[in-house]
Amino acid sequence: MSSILKRVLTSVVGLPLVIALVYLGGLFLLVVCALLALVGLRELYLAFGKVDKPIHAVGYIATVVYYTAVYFFGPGYWLLISLTLFIIAVQTCLVVFFKNLPIEDATSVVYGFLYVPFLLSFIIFVREHEAVGAFYVWLIFTSSFGCDTFAYITGMTLGKRKLINTPSPSKSLEGIIGGIVGATFIGFLFGSLFVRFIGLEFEGNLVLNATIISFFGAGFSIIGDMSASAIKRRTQIKDFGNLFPGHGGFLDRADSIVVVAPIVYLVVNLLMVMPV
């Protein structure tokens, strides 16, 4: 089976699952995010260390505890407590196993947890937002995939100024601009269609909100994509895994999403405070 066919089949199967996740939300979304967080965390740990190490168990346990806290308490005080306990647990391991635990392994456990499980959890926070979270959570995906698609098309057709001395030297300035503009337009279009056909009453301009959120989401999706490329180049791997045939591992597909999710959450909350 060709790689292109694998990518198409994976997308055909994956899209309905994403739609179901967003629609259902709640415990279903949380459990799937937690499982994917564990998968992505293991992919990252293996990229850093090639094999699972005992200290990695602290990251896996922290992920389960963290998502349990998210389910029962949502964003807020208890999340700070769980993050604090996680840092203290790693520090304790440094003390107890100081002869056998390299500092690089301890720091990679902390970085991995913050990069994958923590950032990914903002999908849940956006979905459960009191103000049309089911609408805003879609902007995480449209910003990420829209920017990636338009950046590829624009880069292939108009790209001349390559981004040298970056983790992704094949990308072009024109591609990045095209990706941001294209994803922003998708956000505007999505907001317009949503208001037109759903007829949702909302305090503030939902279309303008979607456009603003998509602009920032698209910009940071490039950071997510290029930071993942930097990790793969530094660790000398082609893909993080093979969870999705033709696409690679979870982080190969979600590298932008994990960075865009907290940005969308932050912008949504800012727009709630300062409606436009």
When residues of the range 177-232 are limited to those that are touching a helix residue (DSSP H, G or I) at 6+ places or on another chain (Cβ under 9 Å) and among the hydroxyl-bearing types (Ser, Thr, Tyr), the one modelled with the lowest pLDDT: Ser192
Conditions (1) of a type in the set (Phe, Trp, Tyr); (2) at pLDDT below 90; (3) surrounded by 17 or more Cβ atoms within 10 Å (Cβ to Cβ): number failed by Phe73: (3)
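Is it true that Thr63 is part of a helix (DSSP H, G or I) and in contact (Cβ under 8 Å) with a residue 24 or more places away in the chain?
Values: part of a helix (DSSP H, G or I): yes; in contact (Cβ under 8 Å) with a residue 24 or more places away in the chain: yes.
Judged against the criteria, Thr63 is a match.
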Members of the range 212-227 found to be open to solvent by 30 Å² or more (accessible area, probe 1.4 Å) and within 18 Å of Leu270 (Cβ to Cβ), listed by number: Ile212, Phe215, Phe216, Phe220
Among the residues listed as Ala89, Ala37, the single one being closer than 26 Å to Ile237 by Cα and in contact (Cβ under 8 Å) with a residue 24 or more places away in the chain: Ala37
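Quick one: which helices (runs of 4 or more DSSP H) sit completely within the range 92-168 and have at least 3 residues that are aromatic (Phe, Trp, Tyr)? Explain how you work it out, then say what you get.
On the way: elements: 103-113, 122-127, 133-158.
Of the helices (runs of 4 or more DSSP H) lying wholly inside the range 92-168, those with at least 3 residues that are aromatic (Phe, Trp, Tyr) span 133-158.
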Among residues of the range 76-90, those that are open to solvent by 70 Å² or more (accessible area, probe 1.4 Å) and among the hydroxyl-bearing types (Ser, Thr, Tyr), counted: 2
Selection count where residues are touching a Lys or Arg at 6+ places or on another chain (Cβ under 6 Å), touching a residue at least 40 places away in the same chain (Cβ under 8 Å) and within 21 Å of Ala228 (Cα to Cα), scope the range 129-183: 1
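Let's see how each residue does on (1) closer than 30 Å to Arg196 by Cα; (2) of a type in the set (Lys, Arg); (3) surrounded by fewer than 18 Cβ atoms within 10 Å (Cβ to Cβ); (4) in contact with a Gly (Cβ under 6 Å, 6 or more places away or on another chain):
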position	(1), (2), (3), (4)
Tyr136	yes, no, no, no
Gly155	no, no, no, yes
Leu158	no, no, yes, no
Ile177	yes, no, yes, no
Residues of the range 228-262 satisfying the condition of being open to solvent by 40 Å² or more (accessible area, probe 1.4 Å) and polar (S, T, N, Q): Gln236, Asn242
Hits in the range 209-256 (condition: of a type in the set (A, V, I, L, M, F, W, C) and within 15 Å of Leu41 (Cβ to Cβ)): Ala228, Ile231, Phe240, Leu243, Phe250, Leu251, Ala254
For Ile87: the one exception among (1) more than 21 Å from the chain's Cα centre (by Cα); (2) modelled with pLDDT under 90: (2)
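The values are calculated or read from the model by the stated rules, or taken from the named source; none is laboratory data. Because the structure is predicted, anything quoted here is derived from the model rather than measured. Cβ atoms come from the backbone with ideal geometry, glycine included; neighbour counts cover every protein chain shown. Accessible surface is based on the protein model in full, side chains and every heavy atom, while ligands, DNA and RNA are left aside. Shrake-Rupley method; radii C 1.70, N 1.55, O 1.52, S 1.80 Å.
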